[in-house]
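Remarks on the structure that follows.
The values are calculated or read from the model by the stated rules, or taken from the named source; none is laboratory data. Predicted, not measured: the structure shown is a model, and the values here were computed from it. Every residue, glycine among them, receives a Cβ derived from its backbone with ideal geometry; neighbour counts consider all protein chains shown.
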Amino acid sequence: MISIKDVIKTYASRNGDVKAVDKVNLEIEEGEIFGVIGYSGAGKSTLIRMLNGLEIPTEGTINVAGREVSRIKGAELRRARQEISMIFQHFNLLWSRTVAENIAFPLEIAGVAKQEREKKVNELISLVGLDGRGDAYPSQLSGGQKQRVGIARALANNPKVLLCDEATSALDPQTTDSILDLLVDINRRLGLTIVLITHEMHVIRKICHRVAVMEGGKIVESGPVLNVFKNP
Ligand code: ADP
Ligand code: ADP
């Protein structure tokens, strides 16, 4: 589903170039929940942002769901982002729009007709456990509920891959667990491939099948979670 080959990402800075991602190779299978863990500055965010074209690799190639995302632009990139969607630490909701309107937004952009849009929005609201909250505004929701809206919006166009950028880092432990349960449920029910980045071991242990450990832009270890993080 995802193939990352010899990828390097360099940022220019005043003190010379920074290699945020340094020769990374990774294969992620369809239907997998794959985690990338590492300290702040390890390169996780840069890596995941290259999977849907938010950053372009300096060198190397990335294939996601049959597309070479490291090369595409314009309309093709917009189509790719419907298949490779993303959720964020701070949810990135539209604050002047209701829950239902936030979830409908990607459907509007994709040109889905009103009636079909409303049906889909209602299905998504149920899927993420927000029945009855469609007319609420984001400011009226808890953090966990906001992330549920983010997840519903990300699923609107039936993506093949869901990218999670520190999706539970702004949430308390109990809410984190309920969001992680929802991600597992979605992975099982929809067969969706999930890639997440986190600095929290708990997130990896709770839901990931395989993990890669990043340090200084490189993957220093990877494999099934139980092999990489053996209990002491
Ligand atoms: P992580 O997500 O693991 O915290 P990042 O991918 O955000 O790591 O950052 C990796 C490195 O790249 C850090 O040294 C960071 O300062 C640098 N970096 C990230 N984004 C930029 C940017 N837009 N411009 C310059 N340097 C950046
Ligand atoms: P629109 O005008 O398209 O309905 P908004 O102006 O409400 O959208 O929001 C545009 C962007 O600004 C959104 O991505 C949202 O995340 C951000 N934003 C708007 N209001 C706030 C706020 N009070 N706090 C944080 N982010 C906000």
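Sub-9 Å Cβ pairs linking a first residue in the range 26-55 that is farther than 22 Å from Leu77 by Cα and within 13 Å of ligand 1 (Cβ to nearest atom) to a second residue that is β-branched (Val, Ile, Thr) and assigned to a loop (DSSP other than H, G, I, E, B), at least 6 apart or interchain, number zero. Checked against the criteria, Asn122 does not count as of a type outside the set (D, E, K, R), within 16 Å of ligand 1 (Cβ to nearest atom) and either in contact with a helix residue (DSSP H, G or I) (Cβ under 8 Å, 6 or more places away or on another chain) or without any contact (Cβ under 8 Å) to a residue 40 or more places away in the chain (or both).
Between Ser139, Ser169, the distinction of being away from ligand 2 (no atom under 16 Å from the Cβ), over 18 Å from Asn52 (Cβ atoms) and of a type in the set (Ser, Thr, Tyr) belongs to Ser169 only. Only one of the numbered conditions (1) closer than 17 Å to Val195 by Cα; (2) away from ligand 1 (no atom under 16 Å from the Cβ) is violated by Ile103, and that is (1). Within the range 162-186, residues that are touching a residue at least 12 places away in the same chain (Cβ under 8 Å) and of a type in the set (Ser, Thr, Tyr) sit with their Cβ atoms under 7 Å from residues that are buried (at least 19 other Cβ atoms within 10 Å of the Cβ) and in a loop (DSSP other than H, G, I, E, B), at 6+ positions apart or across chains, in these pairs: Thr176/Thr168. At least 3 residues being in contact with a Phe, Trp or Tyr (Cβ under 8 Å, 6 or more places away or on another chain) and more than 16 Å from ligand 2 (Cβ to nearest atom) is the threshold, and among the strands (runs of 3 or more DSSP E) wholly inside the range 1-78 those reaching it are 16-28.
So that you can scan it fast, the table gives a plain yes or no per residue for (1) within 16 Å of ligand 1 (Cβ to nearest atom); (2) surrounded by 15 or more Cβ atoms within 10 Å (Cβ to Cβ); (3) over 25 Å from His199 (Cα atoms):
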{"residue": "Pro57", "(1), (2), (3)": "yes, yes, no"}
{"residue": "Gly74", "(1), (2), (3)": "no, no, yes"}
{"residue": "Leu77", "(1), (2), (3)": "no, yes, yes"}
{"residue": "Ile84", "(1), (2), (3)": "no, yes, no"}
{"residue": "Phe88", "(1), (2), (3)": "yes, yes, no"}
{"residue": "Phe91", "(1), (2), (3)": "no, yes, no"}
{"residue": "Gly111", "(1), (2), (3)": "no, no, yes"}
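Only residues that are surrounded by 14 or more Cβ atoms within 10 Å (Cβ to Cβ), within 9 Å of ligand 1 (Cβ to nearest atom) and either within 14 Å of Leu51 (Cα to Cα) or at pLDDT 95 or above (or both): list them for the range 11-25, please. If the condition is that a residue be surrounded by 14 or more Cβ atoms within 10 Å (Cβ to Cβ), within 9 Å of ligand 1 (Cβ to nearest atom) and either within 14 Å of Leu51 (Cα to Cα) or at pLDDT 95 or above (or both), then Lys19, Ala20, Val21 are the ones that fit.
Restricting attention to the range 161-191, the residues that are buried (at least 21 other Cβ atoms within 10 Å of the Cβ) and assigned to a loop (DSSP other than H, G, I, E, B) add up to 2.
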